[in-house]
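S.K.: The following block contains the structure, expressed as structure tokens.
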Amino acid sequence: MPTTVPAYGKEAAERLASMADVTADDRALRRFLHGLPGVDAVGLQARAATLGTRSIKTTAKAYAIDLAISMIDLTTLEGADTPGKVRSLCAKGINPDPTDRTVPQVAAICVYGDMVATAKEALKGSGIHVAAVATAFPSGRAALPVKLADTRDAVAAGADEIDMVIDRGAFLSGRYLEVFEEIRQVKEACVREDGTAAHLKVIFETGELQTYDNVRRASWLAMLAGADFIKTSTGKVAVNATPPVTLVLLEAVRDFRAAVGVQVGVKPAGGIRTSKDAIKYLVMVNETLGGEWLSPDWFRFGASSLLNDLLMQRQKLSTGRYSGPDYVTVD
């Protein structure tokens, strides 16, 4: 369903306005981003590893599995995608387990822009969002007018959410204001004439950003430009979401809200395949941000195969046994 462009409270609006000088020019933005506290890589990795050892049992595990299912952006982003495949994925998102109507729906179906209309029709009345990748996904290698047209086309087709990719080449070259302006203009392209807008998720492709410090800088840059969500990866490179990188994003949104008063969501994507992995991420969210972020409105998993494992584990908890290989569909 369309979402209305959020109206910041007076205090948040004032805080954002007070930071306008940070993005006034490239020098100011560079000074701010490089003035952010450096990331202690050893400490970060140790904390992520420690949080991953927390034990979740029985009732709490059942709750976490259902919560994780409700946070999935069920995804198909292949060159061979067809309308039939997208409709099948939508049906699975609406009713993940045909034998158990108590299983929650997923949060969104994520597709390429040309499949938005197909997904929108298949999901009609379900409440599940349609997310579209845009801005020359996954490389981000296109002229800005092409990226903006890509975004507008997806929004016009009915996309509720836009997953854009930043220009990593510009970012790694230190052209921060160029990246900021691109995100800002894509954010504007998400707005419809009636004042509603698609939510904007900004993908960093953290596996290409080289350092945790760069991930923190990219997080703040995107949030200053108006990102509704910050997202780790496209799922199309060798290194995608990892617990330490996701922890950097979680700490960034925590610090941003403390500084500005605006809450931003987080989406790890790529490489999260098991229930055990998903629960580790939920523990990390709870320990870092608190229960307020434990909602599909503020935390998502970008995944294609995770849902099947969650369904298998859910069935094991309820019956005491695993089903055969035909219990879940193969996407």
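S.K.: Rounded to the nearest 20 debye, what is the charge dipole size of region 10-322 about its Cα centre when +1 sits on each Lys and Arg Cβ and -1 on each Asp and Glu Cβ?
M.R.: Dipole magnitude for region 10-322 comes out near 960 debye.
S.K.: Would you kindly derive the ³J(HN,Hα) couplings of region 243-253 from the backbone phi angles with the Karplus curve 6.51 cos²θ - 1.76 cosθ + 1.60 (θ = phi - 60°), listing them in order in whole Hz, with x for Gly and Pro?
M.R.: These are the phi-based 3J(HN,Hα) values: x, x, 5, 5, 4, 4, 5, 4, 5, 5, 5 Hz.
S.K.: Under the rule a/c < 1.5 gives rounded, and otherwise a/b versus b/c splits prolate from oblate, where does region 15-96 land using the Cα gyration tensor?
M.R.: Oblate is the answer for region 15-96, as a/c is 1.5 or above yet b/c matches or exceeds a/b.
S.K.: Expressed as a whole percentage, what fraction of the accessible surface of region 155-257 belongs to carbon and sulfur atoms when a 1.4 Å probe is rolled over the protein heavy atoms?
M.R.: Details: 1450 of 3050 Å².
Roughly 48 percent of what the probe reaches on region 155-257 is carbon or sulfur.
S.K.: What is region 177-331's relative contact order, in percent, from Cα pairs under 8 angstrom and six or more apart in sequence?
M.R.: Across region 177-331, relative contact order equals 18 percent.
S.K.: Then there's this: Can you tell me what the convex hull of the Cα atoms of region 212-331 projects to on average, as an area in nm²?
M.R.: Directional mean of the projected Cα hull area for region 212-331 stands at 8.5 nm².
S.K.: A follow-up question, please. Compute the accessible area per residue over region 1-153, keeping the other protein chains in place, probe 1.4 Å, unit Å².
M.R.: About 52 Å² of surface per residue is accessible.
S.K.: Let me ask something else. In 5 Å bins starting at zero, report the fraction of Cα pairs in region 77-212 per bin as a rounded %.
M.R.: 2, 11, 19, 20, 17, 14, 9, 6, 2, 1, 0
S.K.: Also, quick follow-up: As a test, work out the antiparallel percent of DSSP beta bridges whose residues both lie in the chain, rounded to the nearest 5.
M.R.: Around 10 percent antiparallel, to the nearest 5.
S.K.: For region 186-236, with every protein chain kept in place, what is the accessible area per residue (1.4 Å probe, Å²)? Could the numbers behind the result be given before it?
M.R.: Numbers: 1530 Å² over 51 residues.
Value for region 186-236: 30 Å² per residue.
S.K.: For region 145-297, list log₁₀ I(q)/I(0) at each q in 0.10, 0.19 Å⁻¹, using the Debye formula over Cα point scatterers of equal strength and ignoring solvent, two decimals each.
M.R.: Debye intensities relative to I(0), on a log10 scale: -0.34, -1.22.
S.K.: Magnitude of the Cβ-charge dipole of region 65-179, K/R +1 and D/E -1, about the Cα centre, nearest 20 debye?
M.R.: Magnitude of the dipole: close to 160 debye.
S.K.: Once R0 is set to 56 Å, what does the formula 1/(1 + (r/R0)^6) return for the Cβ-Cβ distance between residue 27 and residue 321, expressed as a FRET efficiency to the nearest 0.05? Before the final figure, lay out each step's value.
M.R.: Working: r = 63 Å, r/R0 = 1.12.
FRET efficiency, residue 27 to residue 321: 0.35.
S.K.: What pairs in 147/280; 124/201; 124/236; 187/316; 57/124 have C-alpha atoms more than 32 Å from each other? Please report the intermediate quantities before stating the final value.
M.R.: On the way: 147/280 35 Å; 124/201 22 Å; 124/236 29 Å; 187/316 43 Å; 57/124 36 Å.
Exceeds cut-off: 147/280; 187/316; 57/124.
S.K.: Which whole-number percentage describes the relative contact order of the chain, with Cα contacts under 8 Å and a sequence gap of 6 or more?
M.R.: Details: 562 pairs, mean separation 65.3, N = 331.
Relative contact order, the chain: 20 percent.
S.K.: Could you work out how much longer the chain between residue 144 and residue 36 gets when fully extended? Use 0.36 nm per residue separation minus the Cα distance between them, nm to one decimal.
M.R.: 36.1 nm
S.K.: Let me ask something additional. For a Förster distance of 56 Å, can you work out the FRET efficiency between the beta-carbons of residue 99 and residue 173, rounded to the nearest 0.05?
M.R.: Efficiency, rounded to the nearest 0.05: 0.60.
S.K.: Report Rg/Rh for region 1-140, rounded to two decimals, where Rg is the Cα radius of gyration and Rh the Kirkwood radius.
M.R.: Value, to two decimals: 1.08.
S.K.: Mind sorting out which of (1) 35, 23, 17; (2) 31, 24, 17; (3) 51, 37, 19 is the real semi-axes √(5λ) of the Cα gyration tensor in Å computed from the coordinates?
M.R.: Matching entry in (1) 35, 23, 17; (2) 31, 24, 17; (3) 51, 37, 19: (2).
S.K.: With a/c under 1.5 counting as rounded, go ahead and sort region 36-77 into rounded, prolate or oblate using the C-alpha gyration tensor (a ≥ b ≥ c being the square roots of the eigenvalues; past the cut-off, prolate if a/b is larger than b/c, else oblate).
M.R.: oblate
S.K.: Hey, another quick one. Near the amide H of residue 163, under 5 Å away, which other amide H atoms are found, from residues 5 or more places off or on another chain, if H is placed in the peptide plane?
M.R.: It is 132, 133, 134, 201, by chain and number.
S.K.: How many angstrom lie between the C-alpha centres of region 75-130 and region 132-154?
M.R.: After rounding, the separation between the Cα centres reads 22 Å.
S.K.: Taking the mean number of other Cβ atoms within 10 Å as a proxy for protection, how do you rank 199-212, 93-106 from highest to lowest?
M.R.: In decreasing order of mean packing, 199-212, 93-106 become 199-212, 93-106.
The values are calculated or read from the model by the stated rules, or taken from the named source; none is laboratory data. Since the model is a prediction, treat every value here as computed from it, not as a measurement. So basically every Cβ, Gly included, is an ideal-geometry build from the backbone, and we count neighbours across all protein chains shown. What goes into the accessible areas is simple: the full protein's heavy atoms, side chains included, and nothing from ligands, DNA or RNA. Shrake-Rupley method; radii C 1.70, N 1.55, O 1.52, S 1.80 Å.
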